[in-house]
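Worksheet: one structure, shown below.
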Amino acid sequence: MKVLFVCLGNSCRSQMAEGWARELGIEAASAGTNPADNVAPNAVTVMSEKAIDISQHTPSHVDDFDADDWDQIIKMGCEVYCQNLPIAADWGLSDPHGGPVEEYRATRDEIEQRMRELIASN
């Protein structure tokens with residue numbers, strides 16, 4: 001299974017989802033409609049607590065990806081509109097960007113749960 005995760009800045013939720021997917025054996029990437037300059041430090045920190053290293057990830061733009069290359073394209077819950085990418089699901093995750101590390105942990109844990117459910121359903 002190949003999954004692309006999309007959001008606005010590609011600095012928090014989608015990066016954590018990409019990290020979880022790869023950790024669980026899924027080919028994955030992430031992108032944003034308005035990518036940030038780097039991955040949020042708190043996202044890197046909370047993923048490292050689960051022994052998943054996303055420190056070398058860099059935000060990408062959705063236009064760098066072709067919809068035909070992915071089995072599923074999942075939106076993280078933001079108001080993202082991707083004209084060229086058919087969104088299979090919207091996970092409706094709250095955005096921890098700029099919040100305390102506890103919010104990042106909660107989002108990380110919800111992403112893990114959703115990833116495991118995705119794997120179980122396929």
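The values are calculated or read from the model by the stated rules, or taken from the named source; none is laboratory data. Predicted model, so just to flag it, every value in this text is computed and none were measured. Every residue, glycine among them, receives a Cβ derived from its backbone with ideal geometry; neighbour counts consider all protein chains shown.
Points to keep in mind about this one:
- Residue match in region 96-105 (condition: under 15 Å from the mean Cα position of the chain (by Cα) and either more than 13 Å from Cys12 (Cα to Cα) or aliphatic (A, V, I, L, M) (or both)): no
- So Asp109, is it assigned to a helix (DSSP H, G or I), more than 12 Å from the chain's Cα centre (by Cα) and free of Cβ contacts under 8 Å to residues at least 12 places away in the same chain: yes
- Of all positions in region 84-99, none carries a residue that is closer than 19 Å to Leu24 by Cβ and among the charged types (D, E, K, R).
- Picking from residues in region 95-122 that are modelled with pLDDT of 90 or more and among the polar types (S, T, N, Q), the one that is surrounded by the fewest Cβ atoms within 10 Å (Cβ to Cβ) is Ser121.
- Matching residues, region 14-45, being buried (at least 20 other Cβ atoms within 10 Å of the Cβ), out of contact with any helix residue (DSSP H, G or I) (no Cβ under 6 Å at 6 or more places or on another chain) and not small (Gly, Ala, Ser): Glu18, Pro35, Val44
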